[in-house]
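What follows is one structure encoded as structure tokens, with my remarks underneath.
The values are calculated or read from the model by the stated rules, or taken from the named source; none is laboratory data. Nothing here was measured: the structure is a model prediction, and the numbers come from that model. A quick note on method: Cβ atoms are made from the backbone with ideal geometry, for glycine too, and the neighbour counts reach across all protein chains shown. The protein model used for the area step is the full one, side chains on, heavy atoms only, and it has no ligands, DNA or RNA in it. Shrake-Rupley method; radii C 1.70, N 1.55, O 1.52, S 1.80 Å.
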Amino acid sequence: MQVDACFKIGFIQKTHGLKGEVTAVLDTNAPGDLRDLKTLFLGDENRVVPYFITAISQNGTKALLKLEDIDSIDDARLLVKKSAYLEKSIRPKKGRGEFYDDEIVGFTVNDAGEGHLGEIIEIIQAGPNKLLTVSYGEKEILIPIAGPFIISVNKTKKIVSVNLPDGFLDI
């Protein structure tokens with residue numbers, strides 16, 4: 001499966017026990033309840049491989065997983081540090097003006113005063129804050145998602161409208 005059809009929910013942190021179980025650390029993008037999951041995709045930014053879940057136990061931001069055909073600690077070690085993904089088709093839709101981080105990568109950013117700024121390259125997590133990384137001319141600018149900066153997100157037109165304070169782009 002292509003990575004573009006998936007969204008990242010975390011990564012495999014470590015092995016657990018001797019029978020092939022692994023512990024996954026979950027991102028904020030992960031669904032709240034994973035108990036009904038049947039398939040998990042593991043890999044990196046280039047390629048993902050499906051794994052069938054035979055047992056799952058979730059506690060907050062961690063999940064203990066038993067995957068089909070992963071029956072020893074040696075098998076489980078091969079999965080450590082792999083990113084965990086789910087299919088985008090099972091992700092709940094967000095409300096109007098709300099978005100998942102990966103949905104707006106590639107959107108155009110327009111400022112109320114400056115006009116066209118550039119394209120969103122990525123969303124980064126800086127402590128408790130999320131920032132839009134925008135390609136602005138020869139440099140990149142970081143725009144906080146929280147706060148009064150974002151006016152609207154138009155998913156149809158792929159435009160994020162912002163209202164940056166005077167001097168923000170000069171920093």
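Data for the structure
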item: Residue count, the stretch 135-171 (criterion: in contact (Cβ under 8 Å) with a residue 40 or more places away in the chain, of a type in the set (A, V, I, L, M) and in a loop (DSSP other than H, G, I, E, B)); result: 1
item: Residues of the stretch 35-61 classified as more than 16 Å from the chain's Cα centre (by Cα) and either on the phi < 0 side of the Ramachandran plot or surrounded by 15 or more Cβ atoms within 10 Å (Cβ to Cβ) (or both), total; result: 16
item: Residue that is nearest to residue 51 (Cα to Cα) [pool: residues in the stretch 69-79 that are outside any helix (DSSP H, G or I) and free of Cβ contacts under 8 Å to residues at least 40 places away in the same chain]; result: 69
item: Answer residue from the stretch 80-132, given it is open to solvent by 70 Å² or more (accessible area, probe 1.4 Å), of a type in the set (Asp, Glu) and not in a strand (DSSP E or B) and is farthest from residue 46 (Cα to Cα) among those; result: 114
item: In the stretch 99-124, the residues that are under 19 Å from residue 31 (Cβ atoms) and either without any contact (Cβ under 8 Å) to a residue 12 or more places away in the chain or β-branched (Val, Ile, Thr) (or both); result: 123
item: Selection within the stretch 1-21 - more than 20 Å from residue 75 (Cβ to Cβ), surrounded by fewer than 12 Cβ atoms within 10 Å (Cβ to Cβ) and not charged (D, E, K, R); result: 2
item: Checklist (1) farther than 30 Å from residue 157 by Cα; (2) loosely packed, with under 14 Cβ neighbours inside 10 Å; (3) small (Gly, Ala, Ser) applied to residue 24, failing item; result: (2)
